[in-house]
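The values are calculated or read from the model by the stated rules, or taken from the named source; none is laboratory data. What you are looking at is a predicted structure, and each value in this text was computed from that prediction instead of being measured. Note that each Cβ is placed from the backbone with ideal geometry, even for glycine, and that neighbours are counted across all protein chains shown.
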Amino acid sequence: APRRVAVVGATGAVGREMVSVLHARNFPVSEIGLFASERSAGKVQEGPYGALTLQAFDAEVVKGYDVVLLAVSGDFAKEHAKNLASAGALVIDNSSAFRYDADIPLIVPEINAHAFQGGGRLIANPNCTTAIAVVALGPLHKAFGLKRVIVSTYQATSGAGAEGMAELEEQTRNQLDGKPVTNSVFRHPIPFNLIPQIDAFQENGYTKEEMKVTWETRKILEIADLPLSCTAVRIPTYRAHSEAITIETIQPVTPAAARAVLADAAGVKLTDDPANGVYPMPLNAAGQYDVEVGRIRTNLVFGDHGLDLFVCGDQLLKGAALNAVQIAELDL
Ligand code: 2RA
């Protein structure tokens, strides 16, 4: 039966994309409610379902929806998500509030859709960097077994929301016009720069973003102790995250065997013809559902038990909105 769907945080970059993805994938929507802060309430937002009036979030009202997509802060999610789920709504939370709770599924449908069964009505949507990586890592793990993983990321400004993309654009223009470049979203100027810090530093010297990739990959791939080290870097691109990934495998692996596996993998677009300049790039991955995977080669350190690859995925789509809607589709 068609569902009543609420998008909470509907004015943000992820919230808007959720509305577009629901429509583009023909999710059976009988009614859509857009919820936002008091400040936005009453304003009209244009989208694929027409011009809709934004409503101030009211837990009692949102409880009446069948599916609730949360694109809100972790604190907001902590306050409301469990109550909404106990009222019967399928709640998919894009924040990190519940990702590490053992009894709450963390799902990338191509990889661990089975975790949806037996879980409650609250499901966590992974960090964007993790979601994009596991689309490639999952099938490689199934075929060859992952022993160790090293990830270096090149993350788009969309990871910091619409404000992040706006800061890239405005400050690039200012820089080229010789005007002062001021940063407020990012800790340092982003135009013509890169910033090897995303989120807060932890005691072990890694950032929270980097540790999210370790913790969440372990949970989604169900390899509790997988050694995974990540360096996360913000770069001046709009909306697709890129990642250089090195794997050491349990079984021997060749680039050809890996290509064969990835060519058949759901959510992957094998993009690997380097001689013709074909490899994953953020400009091409932006706006696409699939994660581009290429530059597949034998890793010189791990030899016949190791591979290098490069992946690009749209941060707002597979990294957030698309994955959330795909989770909702598991309940249809
Ligand atoms: C980022 N991973 O790219 C974050 C967004 N969730 O900043």
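Name every residue in region 282-294 that is in a strand (DSSP E or B) and free of Cβ contacts under 8 Å to residues at least 60 places away in the same chain, in order of residue number. Explain how you work it out, then say what you get.
Start the filter on region 282-294 by keeping residues that are in a strand (DSSP E or B), which leaves 291-294.
Hits for region 282-294 are GLU292, GLY294.
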Answer with yes or no whether LEU52 is surrounded by fewer than 20 Cβ atoms within 10 Å (Cβ to Cβ) and of a type in the set (A, V, I, L, M, F, W, C). yes
In region 163-184, the residues that are away from the ligand (no atom under 16 Å from the Cβ) and either in a helix (DSSP H, G or I) or surrounded by 17 or more Cβ atoms within 10 Å (Cβ to Cβ) (or both): GLU169, GLU170, GLN171, THR172, ARG173, ASN174, GLN175, LEU176, VAL181
Would you confirm, using the coordinates I've provided, whether ARG297 is part of a helix (DSSP H, G or I), surrounded by fewer than 23 Cβ atoms within 10 Å (Cβ to Cβ) and not assigned by TED's automatic domain parsing to the domain that holds ILE92? no
Can you find even one residue in region 8-28 that is of a type in the set (Val, Ile, Thr), in contact with a helix residue (DSSP H, G or I) (Cβ under 6 Å, 6 or more places away or on another chain) and at pLDDT 95 or above? yes
Consider VAL325 carefully, then state whether it is assigned to a loop (DSSP other than H, G, I, E, B) and over 19 Å from SER242 (Cα atoms). no
Quick check on region 239-259. Is at least one of its residues of a type in the set (Lys, Arg), in contact with a strand residue (DSSP E or B) (Cβ under 8 Å, 6 or more places away or on another chain), within 16 Å of the ligand (Cβ to nearest atom) and in the same structural domain as VAL135 (by TED's automatic domain parsing)? yes
Filter region 204-227 down to the residues that are closer than 20 Å to VAL291 by Cα, within 16 Å of the ligand (Cβ to nearest atom) and of a type in the set (A, V, I, L, M, F, W, C), then identify the one that is surrounded by the most Cβ atoms within 10 Å (Cβ to Cβ). VAL213
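Hey, does region 171-183 have a residue that's of a type in the set (Gly, Ala, Ser) and more than 30 Å from ALA102 (Cα to Cα)? Spell out the reasoning first.
Of all residues in region 171-183, those of a type in the set (Gly, Ala, Ser) come to 178.
Remaining after also requiring more than 30 Å from ALA102 (Cα to Cα): 178.
So far as region 171-183 goes, yes, one or more of its residues are of a type in the set (Gly, Ala, Ser) and more than 30 Å from ALA102 (Cα to Cα).
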Do we find a residue being more than 16 Å from LEU137 (Cα to Cα), within 14 Å of the chain's Cα centre (by Cα) and at pLDDT 95 or above anywhere in region 293-309? no
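Would you confirm, using the coordinates I've provided, whether ASN83 is surrounded by fewer than 20 Cβ atoms within 10 Å (Cβ to Cβ), closer than 27 Å to SER30 by Cα and among the polar types (S, T, N, Q)? Even if it seems obvious, please write down each step before you answer.
On the way: surrounded by fewer than 20 Cβ atoms within 10 Å (Cβ to Cβ): yes; closer than 27 Å to SER30 by Cα: yes; among the polar types (S, T, N, Q): yes.
For ASN83, the condition - surrounded by fewer than 20 Cβ atoms within 10 Å (Cβ to Cβ), closer than 27 Å to SER30 by Cα and among the polar types (S, T, N, Q) - is met.
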Would you be able to say whether some residue in region 33-46 is under 21 Å from LEU122 (Cβ atoms), of a type in the set (Ser, Thr, Tyr) and at pLDDT 95 or above? no
Subset tally (residues that are over 22 Å from VAL261 (Cα atoms) and among the small types (Gly, Ala, Ser)) for region 280-318: 2
For region 1-49, how many residues meet the condition of being surrounded by 16 or more Cβ atoms within 10 Å (Cβ to Cβ) and part of a helix (DSSP H, G or I)? 10
